[in-house]
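Report on the structure given below.
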Amino acid sequence: MTSTAPEKAVRDTAPVPTSEIELSIGGMTCASCAARIEKKLNRMDGVTATVNYATEKAKVSYPDGIEIADLIATVEKTGYTAEEPPPPVPATADERAGEAAPAADGELLSLRQRLYVSLVLTVPVVAMAMVPALQFDNWQWLSLTLAAPVVVWGAFPFHKAAWTNARHGAATMDTLVSIGTLAALGWSLWALFFGHAGMPGMRHGFEFTISRGDGSSSIYLEAAAGVTTFILAGRYLEAKSKRKAGAALRALMELGAKDVSVLRGGKEVRIPVAQLAVGDRFVVRPGEKVATDGTVVEGASAVDASMLTGESVPVDVTVGDAVTGATVNAGGRIVVEATRVGSDTQLARMARLVEDAQNGKAEVQRLADRISSVFVPVVILLALGTLLTWLFVTGDATAAFTAAVAVLIIACPCALGLATPTALMVGTGRGAQLGILIKGPEVLESTRRVDTIVLDKTGTVTTGRMQLQDVFTAPGVEEGELLRLAGALEHASEHPIAQAIASGAADRAGNLPVPENFENVAGLGVQGVVDGHAVVVGREKLLKEWVIELPTELAEAKAAAEAEGRTAVAVAWDGEARGVLTVADAIKETSAEAVAELRRLGLKPVLLTGDNQLVAESVARTVGIDEVIAEVLPEDKVDVVKRLQSEGRTVAMVGDGVNDAAALATADLGLAMGTGTDAAIEAGDLTLVRGDLRVAADAIRLSRRTLSTIKGNLFWAFGYNVAAIPLAALGMLNPMIAGAAMAFSSVFVVTNSLRLRSFK
């Protein structure tokens with residue numbers, strides 16, 4: 001594409017609006033294919049593309065003025081196919097089931113057919129070549145009859161891809177396989193028809209090295225058929241493993257309900273979930289899935305969210321509580337009002353995050369891609385160099401040809417291309433099952449470097465909700481009576497502290513009576529009549545207005561609670577102080593265990609909060625944190641993170657609120673609690689679907705394990721090529737053994753990645 005100078009000037013001085021699309025790419029057979037497509041797309045003005053060989057997708061950002069058809073045309077001109085994903089349409093469960101066998105399954109079936117037929121034909125060819133006792137008169141012609149279909153039909157996908165790439169002036173792994181197998185077949189045909197190999201009584205032994213003797217009496221049919229079958233086996237296992245690697249994402253996308261009972265005019269109407277709209281009210285019976293994100297407007301139940309969060313304990317919900325689509329109603333009948341539908345739901349956002357992560361590339365993989373893009377032409381030159389060198393040094397055409405073919409076949413760069421995508425697919429898929437969403441491969445590299453983790457207190461280390469803690473009673477006063485009278489009065493107030501007392505009182509003392517003459521005294525507390533008693537609940541100053549003094553033991557309990565950062569509320573009735581209730585933001589039961597786990601990972605925890613120093617230090621002592629930064633305004637959290645970074649630390653941040661979003665984005669690694677706000681989740685690099693801080697440690701462990709797997713894959717892939725090519729060039733590998741080793745390298749990389757599925 002071309003552009004005029006004035007247009008370029010405008011583009012350089014003003015931001016160009018861009019759109020994004022994900023294209024499905026067909027016809028790729030190795031990493032160098034992906035590299036070629038990516039290179040061609042990125043040459044278009046304003047286009048940024050990432051092509052992933054394992055997922056067979058291209059994520060493309062393109063400016064106004066470029067059409068999707070232009071992007072597809074560019075891919076097709078490169079010799080591959082591209083199509084945009086179909087628009088979402090309402091579908092029944094049966095229709096969705098019919099879509100469960102996409103083109104990828106058709107590819108698997110085709111590969112399996114070619115593999116099985118080739119295997120049946122190849123076994124006797126190899127057996128006759130390896131065992132001289134099986135070489136009857138004219139055995140070589142039977143060998144040709146069996147091997148020719150394998151090399152022509154079985155290897156047809158390789159020949160087709162090689163021809164397509166050659167027409168576009170490119171060479172890929174298929175070029176190496178096609179040239180190698182056709183050369184072996186061609187040499188054998190020449191030897192059979194024009195040399196001495198076709199004579200009755202011809203015999204030869206099998207060796208792992210390349211030495212054979214007279215070229216005119218040597219055939220390589222076992223190498224041509226064996227290499228084809230080995231590579232087909234590797235491709236089939238690779239494709240099957242790639243399907244397994246993406247299984248977690250497909251399972252995540254299939255979690256949602258297919259249809260739902262919506263209330264219309266007081267009647268239940270069954271409709272596909274795709275037709276739900278925000279504001280619709282729908283019924284969820286015991287055992288059914290919640291159709292979409294919403295709020296309970298009728299009934300009470302327990303919801304099993306294990307498939308989304310990994311948390312096995314059901315959560316109680318009642319009127320006013322939020323529920324998430326795809327969770328299972330484990331209790332009674334509830335009516336839910338839809339608040340999010342379609343692509344806005346938490347399930348859809350999770351799937352999108354996982355898929356985006358799988359489409360990305362780590363920096364180490366970008367290096368591998370750059371190498372793969374020049375690797376094939378270099379290998380072809382090396383093969384030619386090997387051929388000429390052997391001819392010059394030994395004059396043995398047979399040995400020269402065999403060594404050159406072995407170099408071509410052994411040098412497949414597939415393992416390099418699969419090293420990152422397969423590990424990333426399995427790692428992010430497993431993370432999704434555990435309630436951990438990894439935004440991209442660069443996040444994995446960040447987790448390795450982090451040495452400090454900043455924990456926002458409210459909603460992260462603590463529940464973020466005020467809860468009744470301790471109850472202190474005056475002599476002769478029963479705790480149950482104190483809670484019943486105080487709770488009844490506080491239940492009529494909307495204040496968070498009052499609601500915490502009322503909720504705690506109801507849990508501990510049972511049903512609460514209804515107060516009379518209730519009055520809210522602004523800034524001080526509440527007063528009224530409960531069961532004939534004149535009750536006062538609030539600050540000590542409110543009691544003094546009623547000329548009531550706290551006795552010494554209650555005053556001391558109140559002072560001790562406030563010294564620990566808790567809120568103390570005095571209770572009196574009938575003119576006497578009867579007790580003190582303490583309220584605090586409760587620490588999550590698992591926070592201390594999570595902090596200990598983070599320390600074991602080599603991270604130094606820091607507690608960050610806007611609360612006062614006393615409260616922060618009390619929480620920090622309880623969970624085992626030494627470094628506390630308190631009384632920080634929301635807008636100053638970013639400065640705290642920057643200050644820690646300026647001290648040479650690599651900082652991770654865990655938070656859940658709107659006021660944490662900027663700090664999460666500033667940190668080297670942002671971990672957003674999925675129970676928090678959308679702003680925090682968007683800013684984070686890792687999203688922890690469950691509101692359990694232990695998941696932060698799990699997320700870092702999984703990320704590090706995935707990165708280690710990627711690096712291990714790349715090490716073995718590089719090491720394999722570095723070691724194998726010289727062996728082949730020196731004549732130490734038979735072409736068939738080279739083909740087996742090449743196929744094994746790809747299968748090894750994929751299998752190594754699949755080990756991440758067992759991460760706990």
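In the stretch 195-232, which residues are at pLDDT 75 or above and within 23 Å of S178 (Cα to Cα)? I219, L221, E222, A224, A225, G226, T228, T229, L232, listed by residue number.
Filtering the stretch 509-528 to residues that are open to solvent by less than 50 Å² (accessible area, probe 1.4 Å), in contact with a strand residue (DSSP E or B) (Cβ under 7 Å, 6 or more places away or on another chain) and either over 24 Å from P551 (Cα atoms) or part of a loop (DSSP other than H, G, I, E, B) (or both) leaves P513, P515, L524.
Does K39 count as at pLDDT below 85, open to solvent by 20 Å² or more (accessible area, probe 1.4 Å), in a helix (DSSP H, G or I) and of a type in the set (K, R)? The answer is no for K39.
On inspection, G538 does not qualify as over 46 Å from the mean Cα position of the chain (by Cα) and without any contact (Cβ under 8 Å) to a residue 24 or more places away in the chain.
For the stretch 127-146, the condition holds for no residue, the condition being that it is modelled with pLDDT of 90 or more, farther than 21 Å from G195 by Cβ and open to solvent by 50 Å² or more (accessible area, probe 1.4 Å). Taking the stretch 112-138 as the range and being in contact (Cβ under 8 Å) with a residue 60 or more places away in the chain, over 12 Å from T229 (Cβ atoms) and part of a helix (DSSP H, G or I) as the test, the residues that pass are R112, M128, A129, M130, P132. The set of residues in the stretch 480-508 that are surrounded by fewer than 20 Cβ atoms within 10 Å (Cβ to Cβ) and part of a helix (DSSP H, G or I) comprises G480, E481, P496, I497, Q499, S503, A506, D507, R508. Every test in (1) modelled with pLDDT of 80 or more; (2) open to solvent by less than 20 Å² (accessible area, probe 1.4 Å); (3) farther than 30 Å from V376 by Cα is passed by N713 save one, and that test is (3). Residue pairs whose Cβ atoms lie under 6 Å apart, separated by 6 or more positions or on different chains, with the first residue in the stretch 723-749 and closer than 20 Å to A399 by Cβ and at pLDDT 70 or above and the second assigned to a helix (DSSP H, G or I) and open to solvent by 50 Å² or more (accessible area, probe 1.4 Å), are L733/L727.
The values are calculated or read from the model by the stated rules, or taken from the named source; none is laboratory data. As the structure is a computational prediction, the values presented were derived from the model and not from experiment. In this analysis, Cβ positions are derived from the backbone assuming ideal geometry, glycine residues included, and neighbour counts consider all displayed protein chains. Ligands, DNA and RNA are excluded from the accessible area calculation, which covers all protein heavy atoms including side chains. Shrake-Rupley method; radii C 1.70, N 1.55, O 1.52, S 1.80 Å.
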